[in-house]
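The values are calculated or read from the model by the stated rules, or taken from the named source; none is laboratory data. Computed from a predicted model, the values in this text were never measured in an experiment. Reconstructed Cβ throughout: ideal geometry from the backbone, glycine too, with neighbour counts over all protein chains shown.
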Amino acid sequence: MSKPPEAPDVGELTPPNRTLMGPGPSDVDPRVLRAMSTPLVGHLDPSFIEIMNEVQELLRYTFRTDNTWTIPVSGTGSAAMEAAIGNVVEPGDTMLVPTNGYFGGRMADMAQRAGGDVVEVDAPWGEPLDTADVATAFEEDDIDVFGFVHAETSTGVLQPAVPELTSIAHEHDALVIADTVTSIGGVELKVDEWGIDVAYAGPQKCLSCPPGASPLTLNDQAMEKVLTREEDARSWYLDLSLLEGYWGEERAYHHTAPITNVYAIREALRLVAEEGIEERWARHRRVAGALKAGFVAMGLEMNAPDEYWLPSLNAVRVPDGVDDGAVIDYLLEKYDLEIASGLGDLEGEIWRIGCMGASATPKNVSLVVSALADALQQQGFDADAGAAIDAVAEHL
């Protein structure tokens, strides 16, 4: 019989102090970190139930919705995504999904795992969906659920004309699920006014909250479909008909909620409310606009056209002859600055540079622009750092 392992000699936790300007997570406000260090209570403690109520109200404000069924799912953004799709899509349903980015593909995978059939509406990576193409897809197939990505993290594209898309779906009695992971709290998002039936998000991007409790909202029509399913959802943990007992009026035990993550998202959402949602949208656009101006001034090209530009996630084309991975490594090693490479069809072709939440500051923009210019010069690309910094200052 082998000896049991000895206790490992592991030192204190000392992660590097990075500036997080990638596609997420973003820098966390010190207030959120302090909230996570406050004492635990039980997940059915009366004080925690009051905290749950407050989180739901704050989420409604941030989503711009009156939906009763608005909760933080216990898990990362992908858990909220799977809760949305896995509950609303039943076996035999048909879901229309986009092909214009990495996360449309994930929608398709989740719909298929839920027992649904998938129909795709095509658009190139780096472009939004065309409303005419969506209308044609509805004419050609009997679609039950339509999913779209409001802010595509893999391409830096913001989907315009959302009310037109939802109107097309509703004319065909289909429910609409929106991926708002990279838009909530950072760019204009109006769930009720735009006719979105279900929206899910992640806390670690424009909300600047550690992952672990992820926003989800469903209107009455969507929740009715969930509660009248003929088959149970395939995930017990994410079955919204069971979670209703915990997050609804009853507040009965379902699972042990991640207490500290709920504390965190409450404080992050308090920061949103204190700043004001419209003011927060404007800040992201202003600060990210300065970042974009700096990139252009140093001779770089944005992946998305101006009309589809996503302020919270800037996709920048990698110049010919430049090693995208070497630039990322250089920024991390010399500046403790994180940006990310492309995904899927755009792997190796773009950098993904976030401007989200607590990371969306003039100081961080100046750091990114000057550091990226330095990294590009190391690779022989003639990046004009002075012009870039001047462009940032002029925009701000």
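Criterion first (buried (at least 24 other Cβ atoms within 10 Å of the Cβ), in the same structural domain as residue 263 (by TED's automatic domain parsing) and in a helix (DSSP H, G or I)) does residue 169 satisfy it? Considered against the rule, which asks whether it is buried (at least 24 other Cβ atoms within 10 Å of the Cβ), in the same structural domain as residue 263 (by TED's automatic domain parsing) and in a helix (DSSP H, G or I), residue 169 comes out as yes. Candidates in segment 66-94 are the residues that are over 16 Å from the mean Cα position of the chain (by Cα) and of a type in the set (D, E, K, R); of these, the one that is nearest to residue 180 (Cα to Cα) is 66.
Condition test on residue 196, is it closer than 15 Å to residue 60 by Cα and buried (at least 18 other Cβ atoms within 10 Å of the Cβ)? So residue 196 passes the test. Within segment 199-235, restricting attention to residues that are surrounded by fewer than 22 Cβ atoms within 10 Å (Cβ to Cβ) and among the polar types (S, T, N, Q), which residue is nearest to residue 269 (Cα to Cα)? Only one residue tops the list, namely 221.
If the condition is being closer than 12 Å to residue 194 by Cβ and either free of Cβ contacts under 8 Å to residues at least 24 places away in the same chain or among the acidic types (Asp, Glu) (or both), then segment 152-176 contributes only 164. Within the group 238, 269, which residue is at negative phi, within 20 Å of the chain's Cα centre (by Cα) and in a loop (DSSP other than H, G, I, E, B)? Of 238, 269, the one residue that is at negative phi, within 20 Å of the chain's Cα centre (by Cα) and in a loop (DSSP other than H, G, I, E, B) is 238. For segment 41-65, a residue qualifies if it is farther than 16 Å from residue 178 by Cβ, among the β-branched types (Val, Ile, Thr) and not in a helix (DSSP H, G or I), and exactly one does: 41.
Scanning segment 234-246 for residues that are at pLDDT 95 or above and either within 26 Å of residue 25 (Cα to Cα) or charged (D, E, K, R) (or both) yields 234, 237, 238, 239.
For segment 322-333, indicate whether the set of residues that are under 27 Å from residue 207 (Cα atoms), surrounded by fewer than 19 Cβ atoms within 10 Å (Cβ to Cβ) and touching a residue at least 40 places away in the same chain (Cβ under 8 Å) is non-empty. Among the residues of segment 322-333, at least one is under 27 Å from residue 207 (Cα atoms), surrounded by fewer than 19 Cβ atoms within 10 Å (Cβ to Cβ) and touching a residue at least 40 places away in the same chain (Cβ under 8 Å), which makes the answer yes. Residue 46 meets each of the listed conditions (1) closer than 28 Å to residue 360 by Cα; (2) over 22 Å from the mean Cα position of the chain (by Cα) apart from (1). For segment 347-396, filtering for residues that are in a loop (DSSP other than H, G, I, E, B) and under 20 Å from the mean Cα position of the chain (by Cα) leaves 5. Residues in segment 142-155: is at least one out of contact with any Pro (no Cβ under 8 Å at 6 or more places or on another chain), surrounded by fewer than 17 Cβ atoms within 10 Å (Cβ to Cβ) and modelled with pLDDT of 95 or more? The answer is yes; a qualifying residue exists.
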